[in-house]
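Visitor: Input: one structure, supplied below.
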Amino acid sequence: MAATLRSATELTTLTPTEKRVAEKIAAGLSNQEAAAELGMQPGTLGRHVMNIGLKFGVSSRPAKIHAALASGQALAPEAPDTVPAFTEDELLLLRAVATKSDNDEIAAAARIAPALVTTRIRDLADKAGALNSSHLVGMAHAWQLLDSETATKPDTSASPSPTTLPDHRASGGTQ
């Protein structure tokens with residue numbers, strides 16, 4: 001019998017359950033909270049989270065959420081309409097959190113000392129009003145700060161100021 005090769009699209013396509021799991025994690029829920037909301041055991045939910053990472057070739061929880069959201073297969077969570085006034089360094093850290101797997105990689109990409117990574121991520125999440133780093137990535141997608149490759153480049157022609165985004169939820173637009 002001949003082997004059937006699957007396309008890259010087939011290999012990275014999330015199941016409906018994996019999409020729902022990604023959306024719950026992007027909303028900041030723990031495995032226990034997400035499992036309870038989805039009516040499954042935490043271990044089962046954990047396997048879905050693991051499968052998301054395997055499909056996209058990423059290992060960190062925020063990178064899994066970034067991949068699911070950037071691929072358009074999961075919806076970003078609700079986020080406040082006003083985007084915090086992130087500095088260029090904070091946006092660099094945000095991109096690193098979304099795309100790197102461990103603190104050393106995040107530190108190198110964000111150009112900070114590895115010992116500062118956890119504190120800086122926590123400070124960034126607090127500034128955004130995020131519950132955790134996965135929620136931070138989800139909110140960044142809702143604010144359109146991250147796309148399929150990386151975050152958009154900040155406008156350096158003016159000092160950072162809060163930005164109000166249009167509300168696309170009422171019109172059925174995507175976030």
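Visitor: Condition test on residue 21, is it over 13 Å from residue 138 (Cβ atoms) and aliphatic (A, V, I, L, M)?
Guide: Working: over 13 Å from residue 138 (Cβ atoms): no; aliphatic (A, V, I, L, M): yes.
For residue 21, the condition - over 13 Å from residue 138 (Cβ atoms) and aliphatic (A, V, I, L, M) - is not met.
Visitor: State all residues of the stretch 81-134 that are assigned to a loop (DSSP other than H, G, I, E, B), touching a Lys or Arg at 6+ places or on another chain (Cβ under 7 Å) and under 17 Å from residue 146 (Cα atoms); if no residue qualifies, say none. Explain how you work it out, then say what you get.
Guide: First pass over the stretch 81-134, keeping only residues assigned to a loop (DSSP other than H, G, I, E, B): 81, 84-87, 100-102, 111-113, 129-132.
Narrowing the set further to residues that are touching a Lys or Arg at 6+ places or on another chain (Cβ under 7 Å) leaves 84, 112.
Correct list: 84 only.
Visitor: Something else: Taking the stretch 135-153 as the search range and keeping residues that are under 12 Å from residue 95 (Cβ atoms) and assigned to a loop (DSSP other than H, G, I, E, B), which one is modelled with the highest pLDDT?
Guide: Filtering the stretch 135-153 for residues that are under 12 Å from residue 95 (Cβ atoms) and assigned to a loop (DSSP other than H, G, I, E, B), the one modelled with the highest pLDDT comes out as 145.
Visitor: Could you please tell me which pairs satisfy a Cβ distance under 8 Å, a separation of 6+ or placement on different chains, a first residue in the stretch 58-82 that is under 15 Å from residue 47 (Cα atoms) and polar (S, T, N, Q), and a second residue that is open to solvent by less than 60 Å² (accessible area, probe 1.4 Å) and at pLDDT below 95?
Guide: Qualifying pairs under 8 Å: 59/101; 60/101.
Visitor: Any residue in the stretch 20-41 that is touching a residue at least 24 places away in the same chain (Cβ under 8 Å) sitting within a Cβ distance under 6 Å of a residue that is not in a helix (DSSP H, G or I)? List the pairs, counting only those 6 or more apart or interchain.
Guide: From the stretch 20-41, the pairs are 22/74; 23/74; 23/75; 26/77; 27/77; 28/131; 28/132.
Visitor: Okay, moving on. Got at least one residue in the stretch 4-14 being basic (Lys, Arg), modelled with pLDDT of 95 or more and open to solvent by 50 Å² or more (accessible area, probe 1.4 Å)?
Guide: Within the stretch 4-14, the subset basic (Lys, Arg) is 6.
Applying the additional criterion that residues be modelled with pLDDT of 95 or more yields none.
Scanning the stretch 4-14, I find no residue that is basic (Lys, Arg), modelled with pLDDT of 95 or more and open to solvent by 50 Å² or more (accessible area, probe 1.4 Å), so the answer is no.
Visitor: Just checking, how many residues over the stretch 50-76 are farther than 15 Å from residue 16 by Cβ and either β-branched (Val, Ile, Thr) or not in a loop (DSSP other than H, G, I, E, B) (or both)?
Guide: So the first thing to find is which residues in the stretch 50-76 are farther than 15 Å from residue 16 by Cβ, and the list is 50, 53-54, 56-67, 69-70, 76.
When the remaining residues are screened for being either β-branched (Val, Ile, Thr) or not in a loop (DSSP other than H, G, I, E, B) (or both), the result is 50, 53-54, 56, 58, 61-67, 69-70.
Of the residues in that region, 14 qualify.
Visitor: Have a look at 89, 81 and point out the one that is under 24 Å from residue 143 (Cβ atoms), modelled with pLDDT under 95 and over 16 Å from the mean Cα position of the chain (by Cα).
Guide: The conditions single out 81.
Visitor: Still on this structure: Taking the conditions exactly as written (open to solvent by 20 Å² or more (accessible area, probe 1.4 Å), outside any helix (DSSP H, G or I) and either small (Gly, Ala, Ser) or within 26 Å of residue 144 (Cβ to Cβ) (or both)), does residue 23 satisfy them or not? Let's see the steps before the verdict.
Guide: Numbers: open to solvent by 20 Å² or more (accessible area, probe 1.4 Å): yes; outside any helix (DSSP H, G or I): no; either small (Gly, Ala, Ser) or within 26 Å of residue 144 (Cβ to Cβ) (or both): yes.
Against the criterion (open to solvent by 20 Å² or more (accessible area, probe 1.4 Å), outside any helix (DSSP H, G or I) and either small (Gly, Ala, Ser) or within 26 Å of residue 144 (Cβ to Cβ) (or both)), residue 23 does not qualify.
The values are calculated or read from the model by the stated rules, or taken from the named source; none is laboratory data. All of these numbers come straight from a predicted model, not from anything done at the bench. Virtual Cβ from ideal backbone geometry, glycine too; neighbours counted across all protein chains shown. Side chains included, ligands, DNA and RNA excluded: accessible areas come from the protein's heavy atoms. Shrake-Rupley method; radii C 1.70, N 1.55, O 1.52, S 1.80 Å.
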